[in-house]
Amino acid sequence: MDTIWLTGAEWLAVLRIGLGLWWLESWRHKDKKGWFERGTGIAWAADVAAKHKWNAVRSGFDTVVAPRPKTMAYVVVYAELALGLGLIAGFLTPIALIGGVLLNLLYLVLMIHDWAEQGQNAMMALISLVALFAMSWQSWSLDNAMGLFL
């Protein structure tokens with residue numbers, strides 16, 4: 001593969017790191033006190049789920065999230081942090097990329113009516129898939145340094 005400046009594997013690492021920074025920014029801008037102490041994030045999601053046009057989303061939220069709102073707040077917030085750090089460092093990269101696709105798909109389905117959210121989550125999922133199938137951990141990653149996922 002011919003590229004300008006960096007190798008193809010290095011450009012894929014740039015893409016992976018950029019995605020990690022995007023996840024880290026998603027984590028950084030969250031009001032953690034609101035999410036953990038006042039339950040604002042899960043309350044907002046409950047309101048969105050209650051009005052959702054798909055019954056499966058409403059019943060899934062009521063079954064999985066509603067009974068354990070505090071736990072789910074921690075899961076969402078710290079999943080975004082773990083994805084960001086894992087992708088930036090290139091540690092357990094395939095697992096982080098698959099986790100990112102799944103989290104983006106959950107967000108995409110929950111926010112089916114919000115086109116701005118749709119675009120962000122669709123782009124992040126697409127980047128994750130490209131980074132996964134192109135094995136973006138081949139350069140500038142702990143996975144590569146440790147000989148993981150060769």
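The values are calculated or read from the model by the stated rules, or taken from the named source; none is laboratory data. Because the structure is a prediction, the values reported are computed rather than measured. For neighbour counting, all protein chains shown are included, and Cβ atoms are generated from backbone atoms with ideal geometry for every residue, glycine included. What goes into the accessible areas is simple: the full protein's heavy atoms, side chains included, and nothing from ligands, DNA or RNA. Shrake-Rupley method; radii C 1.70, N 1.55, O 1.52, S 1.80 Å.
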*asked:* Cβ-Cβ under 6 Å, sequence separation 6+ or interchain: first residue in region 13-25 and farther than 17 Å from residue 78 by Cβ, partner in a helix (DSSP H, G or I) and not hydroxyl-bearing (Ser, Thr, Tyr). Which pairs?
replied: 15/131; 16/87; 16/131; 17/88; 19/87; 19/127
*Hey, among 90, 39, which residue is on the phi > 0 side of the Ramachandran plot and either touching a Pro at 6+ places or on another chain (Cβ under 9 Å) or among the acidic types (Asp, Glu) (or both)?*
39
_Residues that are over 30 Å from residue 135 (Cβ atoms) and in contact (Cβ under 8 Å) with a residue 40 or more places away in the chain: does region 33-41 have at least one?_
yes
*Residues that are open to solvent by less than 30 Å² (accessible area, probe 1.4 Å): which helices (runs of 4 or more DSSP H) entirely in region 70-150 hold 3 or more of them?*
93-110, 115-133
